[in-house]
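Everything below concerns the one structure shown next.
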Amino acid sequence: MSDTQKTATLTIDGQSYELPIHSPTAGPDVLDIRKLYGQAGVFTYDPGFTSTAACDSTITYIDGEKGELLHRGYPIDQLAGKSHYLEVCYLLLYGELPSAAELEDFERTITRHTMIHEQMHNFFRGFRRDAHPMATMVGVVGAMSAFYHDSTDISDPRQREVASHRLIAKMPTIAAMAYKYSIGQPFMYPRNDLDYAANFLHMCFAVPAEEYHVDPILSRAMDRIFTLHADHEQNASTSTVRLASSSGANPFACIAAGIACLWGPAHGGANQACLEMLKEIGSPENIPEYIARAKDKNDPFRLMGFGHRVYKNFDPRATVMKQSADEVLELLGVENNPILATAKELEAAALADPYFAEKKLFPNVDFYSGIILEAMGFPTSMFTPVFALSRTVGWISQWKEQLSDPAHKIGRPRQLYLGETERDYVDIENR
Ligand code: SDX
């Protein structure tokens, strides 16, 4: 924590309290209220955490006004253009870009952890074939704590590191198995001769009956999608992982909790919801009706893939994703994709509408990702599993950071109680 010289004065009922102010390396100052309840007997109130810093961190920085996203200081557009996912994983986990030798060692380690315990295959067969792959992932990832006992002791840094490697390595295998199970095809084992993204595509789209060649264009696009989703400060699912970890829960249980939270349509489930919305809109002439619905306070409909709690001008990931959508669809010969046309028309119409401008609503990372994923052959049900796979390194990096802080303690928020005050029990014959 940075030294603080500044303080804020809070006056309640004529009594003044000095609250320390901490200054960050980037972003807003924070008001330290840790002693407020003890000193003043009051809580602060911030149900959606719109003005609350829940921790300090050195991993990812977002500037919502500038549309800036930095991972350990490196801008997301540079990482998406010049780096690749496993190098970004190393950066998020260890804080610096790796040397060639460090990267080779890290990639070898991850590659050699991609298989899951053979007995875990049975878990998939307990699900109905039409189970959502996110349901399968929550179950199977949580069950990893029943198999990898040598990496569940969170007090042992080496076990924490092994758990981190196992989760990053096995998540694509689990996601691909969830997909294969849902379409009734046999599982494909990981291949050590393929890179991370190519291996995932191979496990998803290859069949034992014939050779499957991974298109390097798709593999590069897949890797870029992984990078664009890798980490994002204290979003809902990352905060879930941190809160689960604060009780001392094992890493696999914490990541399963993060997957569950990400599934919601307001969060990682938006990529699936967005493509379903674009299909429902159908064609550009229907856009005005949906724009009107999104603005109607009496209509619960929202433009999925639009808006963000932090970004108030544009989501830098959406900018890169939109470029990638154009490239991939052209390379796949589907540049005339009607859904992409509807998406671009919808974006233009919404950005030209004062309602969206005033509320600072514009495409977020989920708006274009589904278009690419569908063009690559994924069903909409696999969009959020891809997001979960990508975000595992962010969850794990934040989990590691929290555990390495000796001052960390169990998260236990309080409340503004508006319920009944004490009253006596009434026997049923007197009610
Ligand atoms: C992700 O936190 C992260 O970093 C998340 C994420 C990550 O990488 O981890 O970036 C990934 O989750 C991206 C967001 C994906 N979700 C969606 O695309 C779902 C649609 N968007 C929203 O539901 C909404 O914009 C949120 C959830 C993203 C943000 O919600 P906020 O910050 O709580 O804003 P809000 O709900 O208070 O809305 C502010 C106003 C409201 O109008 P008023 O009540 O002030 O009149 O804007 C309106 C909302 O009605 N509004 C929308 C809208 N989003 C907000 N109106 C129409 N369409 C929308 N999409």
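Determine which member of the set His71, His84 is closer than 30 Å to Ala197 by Cβ, open to solvent by 50 Å² or more (accessible area, probe 1.4 Å) and touching a residue at least 24 places away in the same chain (Cβ under 8 Å).
His84
Among (1) open to solvent by less than 10 Å² (accessible area, probe 1.4 Å); (2) in contact with a helix residue (DSSP H, G or I) (Cβ under 9 Å, 6 or more places away or on another chain); (3) of a type outside the set (Phe, Trp, Tyr), which single condition is Pro265 missing?
The failed condition is (1).
Taking Pro300 and the conditions (1) in a loop (DSSP other than H, G, I, E, B); (2) more than 13 Å from the ligand (Cβ to nearest atom); (3) not hydrophobic (A, V, I, L, M, F, W, C), which numbered condition does it fall short on, given that it satisfies the others?
Condition not satisfied by Pro300: (2).
With the requirement that a residue be within 22 Å of the chain's Cα centre (by Cα) and more than 22 Å from His408 (Cβ to Cβ), what does region 27-50 give you?
Pro47, Gly48, Thr50, listed by residue number.
Out of curiosity, is Thr384 within 15 Å of the ligand (Cβ to nearest atom), open to solvent by 30 Å² or more (accessible area, probe 1.4 Å) and not basic (Lys, Arg)?
Considered against the rule, which asks whether it is within 15 Å of the ligand (Cβ to nearest atom), open to solvent by 30 Å² or more (accessible area, probe 1.4 Å) and not basic (Lys, Arg), Thr384 comes out as no.
Could you say whether any residue in region 147-154 is aromatic (Phe, Trp, Tyr) and either open to solvent by less than 30 Å² (accessible area, probe 1.4 Å) or within 18 Å of the chain's Cα centre (by Cα) (or both)?
yes
So, Asp223, is that one within 11 Å of the ligand (Cβ to nearest atom), in contact (Cβ under 8 Å) with a residue 40 or more places away in the chain, of a type in the set (Asp, Glu) and open to solvent by less than 20 Å² (accessible area, probe 1.4 Å) or not?
no
Out of (1) over 23 Å from Asn271 (Cβ atoms); (2) outside any helix (DSSP H, G or I), the odd one out for Asp130 is which?
Condition (1) is where Asp130 drops out.
All but one of (1) in contact (Cβ under 8 Å) with a residue 40 or more places away in the chain; (2) surrounded by fewer than 20 Cβ atoms within 10 Å (Cβ to Cβ); (3) away from the ligand (no atom under 16 Å from the Cβ) hold for Ser239; state the number of the condition that does not hold.
Here Ser239 clears every test but (3).
In this structure, is Gly95 in contact with a strand residue (DSSP E or B) (Cβ under 8 Å, 6 or more places away or on another chain), under 30 Å from Asp29 (Cα atoms) and surrounded by fewer than 17 Cβ atoms within 10 Å (Cβ to Cβ)?
Answer is no for this residue.
Considering only residues that are open to solvent by 50 Å² or more (accessible area, probe 1.4 Å) and in a helix (DSSP H, G or I), look in region 204-220 and name the one that is farthest from the ligand (Cβ to nearest atom).
The residue in question is Pro216.
Can you confirm whether Gly139 is closer than 30 Å to Leu403 by Cβ and at pLDDT 95 or above?
yes
Of everything in region 111-127, what is outside any loop (DSSP other than H, G, I, E, B), polar (S, T, N, Q) and in contact (Cβ under 8 Å) with a residue 12 or more places away in the chain? Give them in sequence order.
Thr111, Gln119
Output the number of the condition that Lys66 fails; it satisfies all remaining conditions of (1) basic (Lys, Arg); (2) touching a residue at least 40 places away in the same chain (Cβ under 8 Å); (3) away from the ligand (no atom under 16 Å from the Cβ).
Status for Lys66: all satisfied but (3).
Listed residues Thr111, Thr60; which is within 16 Å of the ligand (Cβ to nearest atom), within 30 Å of Asn199 (Cα to Cα) and open to solvent by less than 60 Å² (accessible area, probe 1.4 Å)?
Thr60
Output yes when any residue across region 320-335 is at negative phi and within 14 Å of the ligand (Cβ to nearest atom), and no when none is.
Yes, region 320-335 has at least one match.
Among the residues of region 3-22, write down those that are surrounded by 14 or more Cβ atoms within 10 Å (Cβ to Cβ) and farther than 20 Å from Gly41 by Cα.
Result: Thr4, His22.
Going by what's in this entry, would Glu422 be described as surrounded by fewer than 12 Cβ atoms within 10 Å (Cβ to Cβ), without any contact (Cβ under 8 Å) to a residue 40 or more places away in the chain and out of contact with any Ser or Thr (no Cβ under 7 Å at 6 or more places or on another chain)?
In short, yes.
Name, by its number, the condition in (1) open to solvent by 20 Å² or more (accessible area, probe 1.4 Å); (2) at pLDDT 95 or above that does not hold for Leu228.
The number of the failed condition is (1).
Only one of Leu70, Leu103 is out of contact with any strand residue (DSSP E or B) (no Cβ under 6 Å at 6 or more places or on another chain) and either of a type in the set (D, E, K, R) or within 24 Å of Ser164 (Cα to Cα) (or both). Can you tell me which?
Every option except Leu103 fails the conditions.
How many residues does region 250-288 contain that are part of a loop (DSSP other than H, G, I, E, B) and either without any contact (Cβ under 8 Å) to a residue 24 or more places away in the chain or within 15 Å of the ligand (Cβ to nearest atom) (or both)?
Residues flagged as part of a loop (DSSP other than H, G, I, E, B) and either without any contact (Cβ under 8 Å) to a residue 24 or more places away in the chain or within 15 Å of the ligand (Cβ to nearest atom) (or both) within region 250-288 amount to 7.
The values are calculated or read from the model by the stated rules, or taken from the named source; none is laboratory data. Small disclaimer: the values here were computed from a predicted structure and weren't measured. No Cβ is skipped: glycine too gets one built from the backbone with ideal geometry, and neighbour counts run over all protein chains shown. The accessibility values were calculated without ligands, DNA or RNA, using every heavy atom of the protein model including side chains. Shrake-Rupley method; radii C 1.70, N 1.55, O 1.52, S 1.80 Å.
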